[in-house]
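Engineer: One structure is given below, represented as structure tokens, and several questions about it will come after.
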Amino acid sequence: MVEQIKIAIIEDDPTISQMYRIKFEAEGLNTELASNGKAGIELVKDFSPDIILLDIQMPEMNGDEALAEIRAHDWGKDIPVIVLTNTGKEEKSKELESLGISGYILKAELTPRQVVAKVKEVIEQH
């Protein structure tokens, strides 16, 4: 039996996270959600996802801070991460690049179907 791909979505907007959960589960991906950076760290630690979709601007802990914490541990240092945000790439890209992201998606530019395709592409490359 093929093991199901696991994706962690760390996103504070419940409408967006649920929309992506539905899309990914329809594609056969096991999807778990966290609504802020702190919860996201715990999710990644406990769920051991194959890939993370990460928002940047969130309450309690921003995505870049959460990613730095995830990368600081053996259990999180090699997981591919796609940043999913409305923040312009120029504003955060250098800091995020140093944390080893696999992609950067502006929410307004891609449909959920395109995001699913991007996630699958990144998973195939790892």
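The values are calculated or read from the model by the stated rules, or taken from the named source; none is laboratory data. Keep in mind it's a predicted model, so treat the numbers as computed, not measured. No Cβ is skipped: glycine too gets one built from the backbone with ideal geometry, and neighbour counts run over all protein chains shown.
Engineer: Name the pairs: first residue in region 96-124 and closer than 21 Å to Asp64 by Cα and at pLDDT 90 or above, second residue among the polar types (S, T, N, Q) and crowded, with 17+ Cβ neighbours inside 10 Å, Cβ to Cβ under 6 Å, at least 6 apart or on different chains?
Structural biologist: Correct list of pairs: Val122/Ser102.
For (1) of a type in the set (A, V, I, L, M); (2) out of contact with any helix residue (DSSP H, G or I) (no Cβ under 9 Å at 6 or more places or on another chain); (3) not in a helix (DSSP H, G or I), each residue gets a yes or a no:
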{"position": "Ile41", "(1), (2), (3)": "yes, no, no"}
{"position": "Glu60", "(1), (2), (3)": "no, no, yes"}
{"position": "Leu67", "(1), (2), (3)": "yes, no, no"}
{"position": "His73", "(1), (2), (3)": "no, no, yes"}
{"position": "Glu95", "(1), (2), (3)": "no, no, no"}
{"position": "Val115", "(1), (2), (3)": "yes, no, no"}
{"position": "Val119", "(1), (2), (3)": "yes, no, no"}
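Engineer: Every residue in region 39-68 that is over 11 Å from the mean Cα position of the chain (by Cα), of a type outside the set (A, V, I, L, M) and modelled with pLDDT of 95 or more, please.
Structural biologist: Within region 39-68, Glu42, Lys45, Asp46, Phe47, Ser48 qualify.
Engineer: A further question on this structure: Go through Ile51, Ile70 for me and flag whichever is farther than 17 Å from Arg113 by Cα, buried (at least 17 other Cβ atoms within 10 Å of the Cβ) and in contact with a Lys or Arg (Cβ under 9 Å, 6 or more places away or on another chain).
Structural biologist: Only one candidate qualifies: Ile70.
Engineer: Let me ask another. Only one of (1) modelled with pLDDT of 90 or more; (2) over 17 Å from Asp50 (Cα atoms) is not met by Ile82, so which one is it?
Structural biologist: Every listed condition holds for Ile82 apart from (2).
Engineer: Within region 19-32, work out how many residues are in a helix (DSSP H, G or I) and touching a strand residue (DSSP E or B) at 6+ places or on another chain (Cβ under 8 Å).
Structural biologist: Here the count works out to 4.
Engineer: Checking Ile52 against (1) touching a helix residue (DSSP H, G or I) at 6+ places or on another chain (Cβ under 6 Å); (2) under 18 Å from Tyr104 (Cα atoms): exactly one of these is not met. Which one?
Structural biologist: (1)
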